Amino acid sequence: MTTPLLPVAEAYARLLALAAPAAIERVALQDAAGRWAAEDIIARRTQPETDLSAMDGYAIRHADLPGPWRVVGESAAGHPHDTKIETGQAVRIFTGAALPPGTDTVMVQEEARRDGDMLYLDGEGPGHRGRNVRPRGLDFSQGDRLIAAGERLSPARLALAAVGGHGDLPVRRPARVAIAATGDELVPPGSELRPGQLPESNGTMLAALIADLPCDVIDLGILPDSSADLERAFGGVDADILVTTGGASVGDHDLVRPALEACGANIDFWRIALRPGKPMMAGTMRDTVVLGLPGNPVSAFVTATLFLRPLIAAIGGANDTTPRTTVATLGEDLPANGERTDYMRAARIDGAVHAAAIQDSSMQRTLARADCLIVRAPHDPPRAKGDSVEILPLA
Ligand SMILES: Nc1nc2c(c(=O)[nH]1)N[C@H]1C(S)=C(S)[C@@H](COP(=O)(O)OP(=O)(O)OC[C@H]3O[C@@H](n4cnc5c(N)ncnc54)[C@H](O)[C@@H]3O)O[C@H]1N2
Ligand code: MOO
């Protein structure tokens, strides 16, 4: 008996519907890097707050051109010249300094000649009133929305918040992600191996795959294929997300789902029209979203890329969690696709994308050589070399 496979887009929507954004906290700007704004960030000041010089030179009244002028003072950043300037007067000025009252234009020093206090035009001069001046509010005005709720706090946006008058920002508490590997064959990486044992690698991969996202990883280590052990471990989980790998399929040792259910989990869906990654399951256990990834390393990688990363972003308050695909030119023919959306390990070489010859979901060297996944919709017809195909670039 087989359950129908859930389309990838439907699985994605159903998974995100299980997640609630984490609580809001205020953190210092430097601690907000890479997180998502929990509210609109509004400018508390106008930038620049006054007309500023964009160049080193002389602040003048444009109507006084072509001069000459008497230099009556100096304006530097942080040291404005506050006295009003009259006809025929100029002020020495530097980049970023406030324009003295009465002036409206900056003449660059390369076009000026000084003789004591006297200043003469020595070139074409500023072509129009306001030349080389950054007017008040050029960048933004007090009350403007600088960052929308849900936008990622990139370095440029953090700097924008700083110049907008903010010292801290509202963000969501990072998701706590518990990761458990399951399987009697698994031993920690680097261990001496007895026959039948395998170095555990999914845990390392998953933690690294989400390392650039705001989240705290709780490593539950390797759990044996024993219902009692699994239930003990799952029952004690205090996290926003519980990720398991392995034991997700239909074999006699695939005990993850029954153990989760014994701990009160509600499995929302299981088995997706996805290759690799078909046996992924998702549900909730108390306040925890449970994501049961397949054990095959490539399947775990693909499902974590498509589902775990967006889930962490959704809990973190992101307004856009969709993995970004692009297009590439196919380097060789591909046969028709079957009923599952296929994510083929591939590499871009000299402008064309080449799928690995063998797409077995256990092959980690193939995965490590890939720099993208070719995305093929269910029943995609045969594709020819030179065709445009959708790809998901890998970090
Ligand atoms: N009769 C069927 N058999 C299988 C089906 C099916 O529909 N019917 N689905 C296949 C597909 S597709 C996948 S994917 C796998 C997934 O199975 P499990 O999630 O139960 O994974 P395991 O059996 O536990 O392990 C699979 C494979 O991966 C290795 N593994 C597991 N965990 C790790 C880890 N943490 N680090 C490294 N390697 C790991 C494990 O040793 C196995 O070799 O099921 C198919 N079978
Ligand atoms: O879906 Mo499995 O992940 O095809 O190998």
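The values are calculated or read from the model by the stated rules, or taken from the named source; none is laboratory data. Predicted model, so just to flag it, every value in this text is computed and none were measured. Please note: Cβ atoms are built from the backbone with ideal geometry, for glycine as well, and neighbour counts cover all protein chains shown.
Assorted remarks:
- Any hit, segment 289-298, residues being among the polar types (S, T, N, Q), out of contact with any Phe, Trp or Tyr (no Cβ under 9 Å at 6 or more places or on another chain) and under 14 Å from L373 (Cβ atoms): no
- Taken residue by residue, segment 239-253 has no member that is over 34 Å from the mean Cα position of the chain (by Cα) and assigned to a helix (DSSP H, G or I).
- Beta carbons closer than 7 Å, at least 6 apart along the sequence or on distinct chains, pair a first residue in segment 110-139 that is touching a residue at least 60 places away in the same chain (Cβ under 8 Å) and closer than 22 Å to V163 by Cα with a second that is assigned to a loop (DSSP other than H, G, I, E, B) and of a type in the set (V, I, T) for R136/T46; R136/T50; G137/T46.
- Hey, P258 under 29 Å from the mean Cα position of the chain (by Cα) and either within 10 Å of ligand 1 (Cβ to nearest atom) or not assigned by TED's automatic domain parsing to the domain that holds M363 (or both) or not: no
- Among the residues of segment 275-312, those identified as surrounded by 20 or more Cβ atoms within 10 Å (Cβ to Cβ), more than 9 Å from ligand 1 (Cβ to nearest atom) and either more than 24 Å from the chain's Cα centre (by Cα) or modelled with pLDDT under 95 (or both) are M281, G283.
- Condition met for A368 (outside the structural domain of R14 (by TED's automatic domain parsing) and away from ligand 2 (no atom under 12 Å from the Cβ)): yes
- Residues that are more than 10 Å from ligand 1 (Cβ to nearest atom) and within 17 Å of A304 (Cα to Cα), drawn from segment 240-255: D240, I241, L242, V243
- Residue count for segment 76-120, restricted to those that are under 18 Å from P66 (Cβ atoms) and in a strand (DSSP E or B): 14
- When segment 207-238 is filtered for residues that are of a type in the set (A, V, I, L, M), buried (at least 23 other Cβ atoms within 10 Å of the Cβ) and assigned to a helix (DSSP H, G or I), only L230 remains.
- Scanning segment 378-387 turns up at least one residue that is within 16 Å of ligand 1 (Cβ to nearest atom) and either closer than 25 Å to P7 by Cα or outside any loop (DSSP other than H, G, I, E, B) (or both).
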